[in-house]
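See below for the structure under consideration.
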Amino acid sequence: MKRKWWIICFLSILAGSALHFLYDLWPNPLTAVFAPVSESVWEHLKLLYWPFLAAAFVLTKDEADGRKSWCGLLAGLLGAPLLLLGAYYTLLSGFALYGLPLDLILYALAMAGGFALAWHLQRARLPAWLCGVLVIAAGIYGAALALFSFAPPELPIFLPPV
């Protein structure tokens, strides 16, 4: 990946880490949209979504072919939480591994994995219809992150760990 992408990936990881504490410092409905309001796995997916989305705007600012870049970045935005959830639940359920150091490593790897996926896909010629699907999926996912902060379903992913 380009050096610029790695730098922005690193800054996104730092931004997500800072977002973790935003709601504790300033608890209100606006910060609840962007920062975790509980320790549930679902709430922590915001730490991937919002910094990655902001990074996508930075990375596409001077791009000649914005559609191609956005298509790859949206795939990375949607792929990062899948990577995180897959690894987290595999390690938790399959190997009984959990803890803060592991969570931090998984977070950084998921963010880097999302950026790597975006980098590779933005260089490929993805069909235009797929980009439209990715825009809709990313919008629905972002809306779900916001909505379920205020009205979470009674499912394990939305409950804080015991």
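When a footprinting reagent is the concern and you count Cβ atoms within 10 Å, what order do 119, 70 take, fewest first?
119, 70
Straight-line reach from residue 2: which lysines fall under 21 Å, measuring Cα to Cα and dropping same-chain residues less than 8 apart?
61, 68
Give the distance, in whole Å, between the Cα centre of region 25-97 and the Cα centre of region 126-153.
The two parts, judged by their Cα centres, are 11 Å apart.
Quick one: order 10, 150, 115 by neighbouring beta-carbon count within 10 Å, fewest to most. Provide the component values of the computation, followed by the final result.
Details: 10 14, 150 10, 115 28.
Neighbour counts put them in this order, fewest first: 150, 10, 115.
Tell me, 68, 2 in order of fewest to most beta-carbon neighbours within 10 Å?
With the fewest neighbours first, 68, 2 line up as 2, 68.
Bear in mind that the values in this text are calculations on the coordinates, not laboratory data. Because the structure is predicted, anything quoted here is derived from the model rather than measured. Neighbour counts run over all protein chains shown; Cβ positions are idealised from the backbone, glycine included.
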